[in-house]
Protein chains: 2
Amino acid sequence: MNEGVEWAMHSCVNLNWIPDEAVTAKRLAAFYDLPTAYLNKQLQALTRAGILSSTSGPKGGFQLARPIERISLLDIVVAIDGPDEAFRCTEILRSGPNGDPKQDYVKTCVISQAMRQAELGYRRELAGRTIADIVAEVERTYPNAAESTRTWFANLKS
Amino acid sequence: MNEGVEWAMHSCVNLNWIPDEAVTAKRLAAFYDLPTAYLNKQLQALTRAGILSSTSGPKGGFQLARPIERISLLDIVVAIDGPDEAFRCTEILRSGPNGDPKQDYVKTCVISQAMRQAELGYRRELAGRTIADIVAEVERTYPNAAESTRTWFANLKS
DNA sequence: GGCACTGTACTCGGATATTAGATGTCCGAGTTAACCCGG
DNA sequence: CCGGGTTAACTCGGACATCTAATATCCGAGTACAGTGCC
């Protein structure tokens, strides 16, 4: 899985704490000391997926495009890592002795089914957890996180 | 995920149908028209994991090292793809403003927790399904699969 | 003083290198079985 | 005919290329603001 998924999730949490203001990729990258241009690339992907909205020019940057209650972890994974499943059935049975060109082995192959069911549960789990849930849990465990982050961004030079 | 996982699972099913005999990588590869040497590499991994046992020389080859009831899909995934999880927490928080070198962020980071829980469910699902389950389902749906496969391997030239 | 225009600095966006890992290939170590030769 | 030694073929095993995709970087398009000159 792409490393940018982790960056994107943390950045979404941070963006939630800086509302009513566009935050540049440069500032978001500085927070965790990440390569600016590469993080920018990930944020672009989130923008294309409709999770963030971007504005160019001075005072430009990124901000959340919709309420965090409607941004699931799966949304972010799909935006960054693509929609493909980890296990990709290549329909190996088609090349076998009794291979039937008309059959859809992604559906009928028992192994493909089993792998798909497992991955479906995984995705359902991620789809059921939103950034809002994450934020709530963080604020519960570390009550000063929000304020601390806000002031850090406010005091950031350049 | 490595493509070899699919090959390995199908090969284990086929090996189950050819008991009391070592089957060479060459023959297993011929069944699905796969690159022999590369499949051999995957079977090596299964052997290192203790899923298969291998013998060299003429009449050599691979065979299942233990009953298929005790070979889970997770065993195969781990053997081929490695034990690492898909989402690898890089402890990004450590580089943050309040990063604590003594803290284990893999454990404490809420995002890491959420991703880990989802993946744990995925792995539990795979751990709970064995090759025996797969074989049973295949034989139920396609009753002649076992016999058909056996005769194919028996009649294979070279 | 106010307003329009121009220029500049700053941002995202995508095109372009670089690197790591998956994919694919090859040859050597080891082993078995067959064959040959001698008894 | 039988048994032992030799040889040769066959197999796995890991070391070695190749190729795709993730990682990282750079420069251009667009935009808002500030400064400047004109009315």
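The values are calculated or read from the model by the stated rules, or taken from the named source; none is laboratory data. Computed from a predicted model, the values in this text were never measured in an experiment. Please note: Cβ atoms are built from the backbone with ideal geometry, for glycine as well, and neighbour counts cover all protein chains shown. Please note that ligands, DNA and RNA were not included when accessible areas were found on the heavy atoms of the full protein model with its side chains. Shrake-Rupley method; radii C 1.70, N 1.55, O 1.52, S 1.80 Å.
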Probe 1.4 Å - accessible area at A:GLU147, Å² to nearest ten
100
For A:ARG123, tell me the accessible area in Å² from a 1.4 Å probe, rounded to the nearest 10.
60
Let me know the number of lysine pairs in the protein assembly as shown closer than 12 Å at the Cα, not counting same-chain pairs under 8 apart.
4
Helix-only mean residue ellipticity at 222 nm for chain B, each DSSP H run of n ≥ 4 adding -39500 (n - 2.57), per residue, nearest 500:
-17000 deg cm²/dmol
Would you be so kind as to identify which of B:ILE51, B:SER72, B:HIS10 lies farthest towards the positive end of the dipole of the range B:1-128, taking Lys and Arg as +1 and Asp and Glu as -1 on Cβ and the Cα centre as origin?
B:ILE51
Taking the axis about which chain A rotates onto chain B, which residue of A lies nearest it as judged by Cβ position, and how many whole Å separate them?
A:TYR122, 2
At the nearest 100 Å², what buried accessible area, both sides summed, do you get for B and A when the probe is 1.4 Å?
3900
Given unit charges at Cβ for Lys, Arg (+) and Asp, Glu (-), the dipole magnitude of the range A:55-139 about its Cα centre in debye, nearest 20, is 260
Computed over the range A:2-158: relative contact order in percent, which uses C-alpha pairs under 8 Å that are six or more apart
26
Where a ≥ b ≥ c are the square roots of the eigenvalues of the C-alpha gyration tensor, would you call the range B:1-66 rounded, which needs a/c under 1.5, or, failing that, prolate if a/b is larger than b/c, or oblate?
rounded
Please report, to one decimal in angstroms, the Kirkwood hydrodynamic radius of the protein assembly as shown built from all distinct Cα-Cα pairs.
22.2
Taking only protein heavy atoms and a 1.4 Å probe, what accessible area per residue, in Å², does the protein assembly as shown have with all protein chains in place?
51
Interface residues, the range A:78-93 - accessible area loss of 40 Å² or more versus chain alone, probe 1.4 Å
A:ALA86, A:PHE87, A:THR90, A:ILE92
If each label sits 7 angstrom from Cα along the C-beta direction, how far apart, in nm, is A:PRO58 from its counterparts in the other copies?
8.5
Per-residue accessible area, 1.4 Å probe, largest first, puts B:THR55, B:THR149 in the order B:THR55, B:THR149
Given label points at 7 Å from Cα along Cα→Cβ, what nm distances, shortest first, separate B:ARG140 from the same residue in every other copy?
4.0
Where the label is 7 Å out from Cα toward Cβ, how close does B:ASN98 come to the same position in every other copy, in nm, shortest first?
6.2
Would you mind telling me the share, in percent, of accessible area of chain B contributed by carbon and sulfur at probe 1.4 angstrom?
50
Order A:MET115, B:MET1, most accessible first, counting only protein heavy atoms with a 1.4 angstrom probe.
B:MET1, A:MET115
Taking every C-alpha to C-alpha distance in chain A and binning by 10 Å from 0, the per-bin percentages run 10, 33, 27, 15, 10, 5, 1
Rolling a 1.4 angstrom probe over the protein chains, ignoring ligands and nucleic acids, what is the accessible area of A:CYS12 in square angstrom, nearest 10?
0
